[in-house]
Amino acid sequence: MIDFLDRDIFRPYPELLVFITVAFGFFVGKLRYKAIALGSVTGCLIVGLFFGAQFKVAIDQTVKNLFFTMFLFALGYRVGPQFFRGLKKDGLPQVLNALLVCLSGLGITWAFAKMLGYGPGLGAGLLGGALTQSAVIGVAQDAISHLPDLSQSQLKEQSDLVPIAYAVTYPLGTILCALLLANILPRIYRVSMADEAAQLARELDAPNENPDLGEGYQEIVLRAYRLERPDLVGRTIEDFERQQDHLGHRIYLTRVRREGKILPHDQQLKLKHDDTLAVSALRGALVDFDARTHIGPEADDADLLHYDTESLHVVVSEKEQIGKTIADLREERFMIGVYIDEMYRSGAPYPYRLATKLSRGDTLVLKGPERLVPAAGREIGKPVPTSFATDMIWVGLGIFLGGCIGIPALTLGGVPISLSTSGGALIMGLVFGWIRGRYPTFGNVPPGAQWFMDTLGLCLFIAVVGLNAGPSFTSGLAEAGWGLLLFGAIATLVPLLVGFFFGHYVQHLRFPILMGVLAGGQTTTAAIGAVNEASKNQVPTLGYTVPYAFSNVLLTIWGAVIVLLNH
């Protein structure tokens, strides 16, 4: 198909082949239909298999192992806080459902592999693709490399069959999971996802309405007014703000212009007639206050309204605040003029509601004037300075220690059983991520660095896997047969249905939450996107994060388990 190119062109420069594979892989992964896309991982695998078949360039295994170990540490680091939080009482129902999905997924793929006579390679690829867990590829290949009684050629053959079976089953698995959760099950049970999610959102916000919240959205307005009301003349800024707080209005004065000069902010400053006051408030609070009536006419003063604001990440740690709802926190005196912009739970963005209770380790992003935000942060917990620098001591030490605990092996039936260096990196990533979630003043790995190690690390690994397996793709697919597609589809649907019936009839989970739990249990990002789209809000995400973290770890481990079961 590309005969006009020299097939040996990349042989002296294999690193260039890896990067062009990743480039085309990300392009293919962006192709989508509505909320469903192949994703960058599958795109890199497909392009890698194609280029591998054409150019037949072997990539050093050390490169592959380096990227995969980095990816697994980053995966553990990212989901560690959610994983351990899920083991607590409030997360156990969701974890139990995810465990059932994972166990039934392992059981049915193992049964199909036995029935069809699949070896460890095809069995692991079937599990990874049907349950949409890409990390299975690397863990399974690592486990295959340690199998006794197989020659080097047999080990390579089985290892190459893992990505082939994965490539066949993953796209359909992703599509079926998204369709089942977002469309088919709601239609069968005659549930309107949009109506049910909207009702659930209202219940979560009840009984108080607050314009500061809703879909995690708030609107802060800044206005300037010329003081003409005589009843405010002579009163201090602090007195004014206390009065408004008593009346239920979160309104504060940020600056004052007097006789053409902007005065330094002072809470004890007494107001004078013809002062121009900079007023900041939530839009609803300012409308209720009716500033034109209570202060005077509005003025246009760009210099007065331009002042420094601060955005501060604060980790909830003060005992007085733990267990309070967002609504309760908003009523605290120190929160006057300070607004909650975002919330992160266990390291992941969390669609908070008014009724959301604060837990130790939650991160709130506070916004407001510089004079107010730090003080509010200290009342809530530990302010965490944001930084783009990665603590590479923390990362390097974590991967090294994880690799060390993964090396020792026990022997079971002649088969060496160990975590492996990659599995050890995953476990240590979980531990280091949990520690960071509890004590976020050290071990900083900013989102950009996490994305690099997690997404790009996995895609580079998958690209190398595809390039190395490409030459045997045609023969491997012929060995597997297209029946693999059918059995992969069944292996995708059965665990979801098992989890659905258990969640619906035994746990009595609300439909939007249950759909999120199932999407997380099968680690299908496209599915939660489709469910949120059908729900027209982010409520299903409340059921997604904990099962996603738990299943990411368990399904990754399944990659080694399925190899041992099929050996």
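The values are calculated or read from the model by the stated rules, or taken from the named source; none is laboratory data. Small disclaimer: the values here were computed from a predicted structure and weren't measured. Reconstructed Cβ throughout: ideal geometry from the backbone, glycine too, with neighbour counts over all protein chains shown. We work out accessible area using only protein heavy atoms, side chains counted, and drop any ligands, DNA or RNA first. Shrake-Rupley method; radii C 1.70, N 1.55, O 1.52, S 1.80 Å.
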Dipole magnitude of the chain, debye to nearest 20 (Cβ charges: Lys/Arg +1, Asp/Glu -1, about Cα centre)
860
Considering only protein heavy atoms, with the full assembly of protein chains and a 1.4 angstrom probe, order F502, F112 by accessible area, largest first.
F502, F112
Cα-only Debye scattering, the chain: base-10 log of I(q)/I(0) at q = 0.06, 0.07 Å⁻¹:
-0.38, -0.50
Given C-alpha coordinates of the range 305-376, what is the ratio Rg to Rh with the Kirkwood estimate of Rh?
0.96
Angle between the chain longest axis and helix 237-246 axis [Cα atoms, degrees, rounded to 10]:
70
Quote the relative contact order of the chain in percent (integer), defining contacts as alpha-carbon pairs under 8 Å separated by 6+ residues.
30
If one puts a single equal scatterer on every Cα of the range 242-309 and applies the Debye formula without solvent, what log₁₀ I(q)/I(0) results at q = 0.19 Å⁻¹?
-0.81
Would you mind getting the Kirkwood hydrodynamic radius of the range 429-567 from its Cα pairs, rounded to one decimal in Å?
18.1
Set Lys and Arg Cβ to +1 and Asp and Glu Cβ to -1, take the dipole of the chain about its Cα centre, and tell me which of V494, T276, T524 lies farthest positive.
V494
Is it possible to state the helix-based mean residue ellipticity at 222 nm for the chain, with each DSSP H run of 4+ residues giving -39500 (n - 2.57), the sum divided by total residues, to the nearest 500 deg cm²/dmol? What is it?
-17500 deg cm²/dmol
By accessible area with a 1.4 Å probe, ligands and nucleic acids excluded, highest first: order of E241, E332, E228:
E228, E332, E241
For the cross-link pairs K272/K367; K114/K156; K270/K357; K30/K324; K357/K536; K30/K536, which exceed 31 Å when the distance is taken from alpha carbon to alpha carbon?
K270/K357; K30/K324
Please compute the Cα-Cα pair-distance distribution of the range 22-132 with 10 Å bins starting at 0, giving whole percents from short to long.
11, 24, 38, 22, 3, 0
Put I340, I490 in order of accessible area, largest first, 1.4 Å probe: what do you get?
I490, I340
